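> Mind looking over this structure? Questions follow.
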Amino acid sequence: MEFIVEKVGMSRTINASSTPVTLLRVLETKVCEVNENKSALVAYSSGKQMNKAVAGQQKKFGLSAEFNRFATLEKVVNETAGDLDVSGLDSAKLVQATFTSKGRGFSGVIKRHGFAGGPGAHGSRFHRRSGSIGNREWPGRVQKGKKMPGHYGNSTVSVRSDVVSFDKANGILVVKGSVSGANGALGRVRIVK
């Protein structure tokens with residue numbers, strides 16, 4: 001089963017062994033139609049953007065104006081249209097969370113790959129640069145996959161996490177450890193076991 005979630009933030013458990021946890025809010029989702037392979041077209045609320053295509057979909061499936069985003073989930077429990085069934089999260093032990101990581105733009109090798117860099121003073125002229133990248137006469141080229149400056153972040157990251165608890169009344173899923181993305185970012189959670 002797959003769900004659309006919003007990252008609330010990080011916290012920790014308050015007991016003998018303090019464990020870092022991430023709080024994820026399961027969004028209120030309406031199932032519009034279910035396919036034969038258990039995938040489903042769903043609608044959820046995100047922002048205020050509205051256009052004629054969204055209005056047409058809302059009219060087709062009888063949705064209120066707040067449900068202005070549509071997505072396809074790989075697997076759902078529902079047999080028919082209606083509210084998405086989240087009962088599977090009660091017994092879930094392990095989930096896979098997929099989010100878009102924070103974008104950091106064009107970054108150098110120190111920030112992007114953790115290179116050490118050179119001395120900061122005494123005329124070294126080598127501070128935060130990458131240094132030599134080539135080989136000798138053979139093979140006479142830069143190897144593929146060389147760690148160099150470039151675009152860092154803003155990529156899809158999936159991580160598997162143990163489920164600590166699920167508050168069905170408030171729709172808060174608590175998973176162990178960290179999850180990529182900024183607070184307030186939307187992502188997906190899939191039950192592994």
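The values are calculated or read from the model by the stated rules, or taken from the named source; none is laboratory data. Treat the numbers as computed from the prediction; the structure is a model and nothing was measured. Quick reminder, even Gly has a Cβ in these numbers, built from the backbone with ideal geometry, and neighbours come from all protein chains shown.
> Against the conditions (1) modelled with pLDDT of 90 or more; (2) surrounded by 12 or more Cβ atoms within 10 Å (Cβ to Cβ), where does LYS59 fall short? Just the number, please.
Condition not satisfied by LYS59: (2).
> For the list (1) at pLDDT 90 or above; (2) touching a Ser or Thr at 6+ places or on another chain (Cβ under 8 Å), I need the number of the one condition that VAL76 fails.
Exception for VAL76: condition (1).
> Which pairs turn up if I take residues in region 167-193 that are in the same structural domain as LEU89 (by TED's automatic domain parsing) and at pLDDT 95 or above and look for partners that are part of a loop (DSSP other than H, G, I, E, B) and β-branched (Val, Ile, Thr) with beta carbon separation below 7 Å, at least 6 apart in sequence or on another chain?
That search, which allows pairs on different chains as well, returns LYS176/THR19.
> Which of the residues spanning region 68-97 are more than 30 Å from LYS52 (Cβ to Cβ) and in a loop (DSSP other than H, G, I, E, B)?
LYS75, VAL77, GLU79, ASP85, VAL86, ASP90, SER91, ALA92, LYS93 - these are the residues of region 68-97 that are more than 30 Å from LYS52 (Cβ to Cβ) and in a loop (DSSP other than H, G, I, E, B).
> Still on this structure: Out of (1) closer than 30 Å to GLU33 by Cα; (2) among the hydrophobic types (A, V, I, L, M, F, W, C); (3) surrounded by 10 or more Cβ atoms within 10 Å (Cβ to Cβ); (4) free of Cβ contacts under 8 Å to residues at least 60 places away in the same chain, the odd one out for ILE110 is which?
Of everything listed in (1) closer than 30 Å to GLU33 by Cα; (2) among the hydrophobic types (A, V, I, L, M, F, W, C); (3) surrounded by 10 or more Cβ atoms within 10 Å (Cβ to Cβ); (4) free of Cβ contacts under 8 Å to residues at least 60 places away in the same chain, ILE110 misses just condition (1).
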